[in-house]
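The values are calculated or read from the model by the stated rules, or taken from the named source; none is laboratory data. Model, not experiment: these values are computed from the prediction. Note that each Cβ is placed from the backbone with ideal geometry, even for glycine, and that neighbours are counted across all protein chains shown.
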């Protein structure tokens, strides 16, 4: 495997039928390249990623507010998981029956939503507004590009499958 890096682009090559991922500063373009045995490129296909996955780690009691806010901007579905973790606060201390205990992993809620790229800014704004308490441990939002979505039942692909 060979990786070439510069300020604008990172290209990764692997053997046989090769996937070349070009990460550009403004958007991500996925290029699929099939290599013949002599190394010549053929069958070049390019498409823009139009879907993103938003993962938000929030406080448990903020879930209903965030869910209602996302529904109001047109988000059709989401996945919710109960998770535990810690950030900068490294957990917290609780007092139970007069004894002090260190709680290393704080319970949180993880929301996962795949959506059209056009909704990302609104979704992030809603999550920030609805989940924010101003206290340590309000959470994080992660935005991840999605290459493809396939609905298992019908085989629909892309935005139709969301």
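At-a-glance table
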item	result
Restricting region 101-114 to residues that are at pLDDT below 90 and part of a strand (DSSP E or B), the residue that is farthest from residue 90 (Cα to Cα)	101
Any hit, region 115-131, residues being on the phi > 0 side of the Ramachandran plot and outside any strand (DSSP E or B)	no
Members of region 35-91 found to be at pLDDT below 60 and surrounded by 14 or more Cβ atoms within 10 Å (Cβ to Cβ), listed by number	35, 49
Tally, over region 50-83, of residues that are within 16 Å of residue 122 (Cβ to Cβ), in contact with a helix residue (DSSP H, G or I) (Cβ under 9 Å, 6 or more places away or on another chain) and in a strand (DSSP E or B)	4
Residue 137 surrounded by 15 or more Cβ atoms within 10 Å (Cβ to Cβ) and assigned to a loop (DSSP other than H, G, I, E, B)	yes
Test: residue in region 84-97 that is within 21 Å of residue 55 (Cβ to Cβ), more than 17 Å from the chain's Cα centre (by Cα) and part of a strand (DSSP E or B)	yes
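Here is a yes/no grid of residues against (1) farther than 17 Å from residue 55 by Cβ; (2) touching a residue at least 24 places away in the same chain (Cβ under 8 Å); (3) in contact with a helix residue (DSSP H, G or I) (Cβ under 6 Å, 6 or more places away or on another chain):
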residue	(1), (2), (3)
100	yes, no, no
110	no, yes, no
118	yes, no, no
128	no, no, no
